[in-house]
Amino acid sequence: MDNPPEPRYTQAEAYAPMEAAAADSIAALPDFPGCRERIWSELPATSGGIDVPGFTIVEITYVFSLPDSGTPLVRETYVDVLRKHWTSLGYTLTRDAVKEKADRTDRSLVAIRPDGIALWYWASGYTVLRVQSGPVAASEPEDIEYVPPSGGVMPGGRYDKVGRYFPDGIPADRDAVDPFDSPDSYEDDL
């Protein structure tokens, strides 16, 4: 079984640049209404349909409220804004799709950064901004640092992985990681 390509980040190192990508994307959106929640999750890294031990895929999803998800601003304008923004940053658009349904029009926009981090803006029932790491070496839970959410989301939400990575609560005795101050910040490579 072949291993995935050598990742640029470990799981612990991926959160800060991924959150920075989300924050940068959100900052580009005019009249931003805020997001309902942030979801941190991990997916199995696979090769040929078989899980690759020691690797994971980090996924961070920002979810708009259902009422905001239905507005033309969020469903249409933001797709156009992000298309221009991500293209201006040199990201490669790998998907730009529109699907007509009986009751709505769904949109999907995917961009890949040069460091392999993928961004996906998906306007369906709910609209989400999803950031995915691609395969990264799994880290021990104690190596994960807290990165505050963007988009008006309050820290410590039900899907924020606080219970798993921070069983004593959001770390207050040390500074939270500022995603824009990461020593391996993607922006330093531009």
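The values are calculated or read from the model by the stated rules, or taken from the named source; none is laboratory data. Since the structure is predicted, the reported quantities are computational estimates derived from the model, not experimental observations. Backbone-built Cβ (ideal geometry, glycine too); neighbour counts: all protein chains shown.
Just one of (1) modelled with pLDDT under 95; (2) on the phi < 0 side of the Ramachandran plot; (3) over 19 Å from the mean Cα position of the chain (by Cα) fails for residue 144. It is (3). Has the range 76-90 got at least one residue that is in a strand (DSSP E or B), among the β-branched types (Val, Ile, Thr) and in contact with a strand residue (DSSP E or B) (Cβ under 8 Å, 6 or more places away or on another chain)? Looking for residues that are in a strand (DSSP E or B), among the β-branched types (Val, Ile, Thr) and in contact with a strand residue (DSSP E or B) (Cβ under 8 Å, 6 or more places away or on another chain), one finds none in the range 76-90, hence no.
Reported count of residues in the range 41-77, each being closer than 20 Å to residue 109 by Cα and surrounded by 19 or more Cβ atoms within 10 Å (Cβ to Cβ), is 10. With respect to the conditions (1) under 15 Å from residue 113 (Cβ atoms); (2) touching a Lys or Arg at 6+ places or on another chain (Cβ under 7 Å); (3) of a type in the set (Val, Ile, Thr), residue 87 lacks only one, and its number is (2).
Of all residues in the range 85-93, none are over 17 Å from the mean Cα position of the chain (by Cα), modelled with pLDDT under 95 and on the phi > 0 side of the Ramachandran plot.
Select from the range 101-141 the residues that are hydroxyl-bearing (Ser, Thr, Tyr) and surrounded by 18 or more Cβ atoms within 10 Å (Cβ to Cβ) and write down the one among them that is nearest to residue 80 (Cα to Cα).
In the first step, residues of the range 101-141 are kept if they are hydroxyl-bearing (Ser, Thr, Tyr); the result is 105, 108, 121, 124, 126-127, 133, 139.
Then keep just the ones that are surrounded by 18 or more Cβ atoms within 10 Å (Cβ to Cβ); that gives 121, 127, 133, 139.
Numbers: 121: 11, 127: 14, 133: 23, 139: 36 Å.
Once the filter is applied, the top-ranked residue is 121.
Of the residues 95, 38, only one is touching a strand residue (DSSP E or B) at 6+ places or on another chain (Cβ under 9 Å), surrounded by fewer than 20 Cβ atoms within 10 Å (Cβ to Cβ) and either in a helix (DSSP H, G or I) or among the charged types (D, E, K, R) (or both); which? Walk me through how you get there before you give the answer.
Numbers: 38 fails: surrounded by fewer than 20 Cβ atoms within 10 Å (Cβ to Cβ).
Of the residues listed, the single one that is touching a strand residue (DSSP E or B) at 6+ places or on another chain (Cβ under 9 Å), surrounded by fewer than 20 Cβ atoms within 10 Å (Cβ to Cβ) and either in a helix (DSSP H, G or I) or among the charged types (D, E, K, R) (or both) is 95.
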